[in-house]
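This report refers to the structure that appears directly beneath it.
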Amino acid sequence: MPAPARAGEASLSAQWSAMREAGAAIGQLAGVAPQRPEAAERNFAATIRDAGEWRLALARDGLADMAAMLRPGLSALLAVKARGHDASAPARALWEEYCARRDALLALAPQEGTMGPRRSA
């Protein structure tokens, strides 16, 4: 596999991890109990990468859109919290938007068995 493709794969995994971490921070600010991610969420980057073509393109665009929404939203929530104000109501709204977008991205991935995505050498 050419080097640019491997770099793109790493980037997708890193972006997905960053979105999950941001979601966890937003959930904490919203007062939502931490959730253990299901296999589909943990394996999303590999599954969508294996699916390729249009699913991969939509996932990349969706992650970019999600990042554009979460960065300023999380920054604003942290600024409100740093000033000693309650950020739970706006955090709850951002949490709900995060969950909706996360679920839409997860719906792009083809369903896999309980063993996770297919791997080959």
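The values are calculated or read from the model by the stated rules, or taken from the named source; none is laboratory data. Keep in mind the model is a prediction, meaning the values are calculated, not measured. Heads up: the accessible areas ignore ligands, DNA and RNA and are worked out on the full protein's heavy atoms, side chains in. Shrake-Rupley method; radii C 1.70, N 1.55, O 1.52, S 1.80 Å.
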Please turn the phi angles of segment 75-92 into ³J(HN,Hα) values with the Karplus equation 6.51 cos²θ - 1.76 cosθ + 1.60 (θ = phi - 60°), one per residue in order, whole Hz, x for glycine and proline.
4, 5, 4, 5, 5, 4, 5, 5, 7, x, 9, 7, 9, 5, 5, x, 5, 5
32, 80, ranked by accessible area, largest first (probe 1.4 Å)
80, 32
How far, in nm, would the chain grow between residue 71 and residue 53 when pulled straight, counting 0.36 nm per residue and subtracting the alpha carbon separation?
3.7 nm
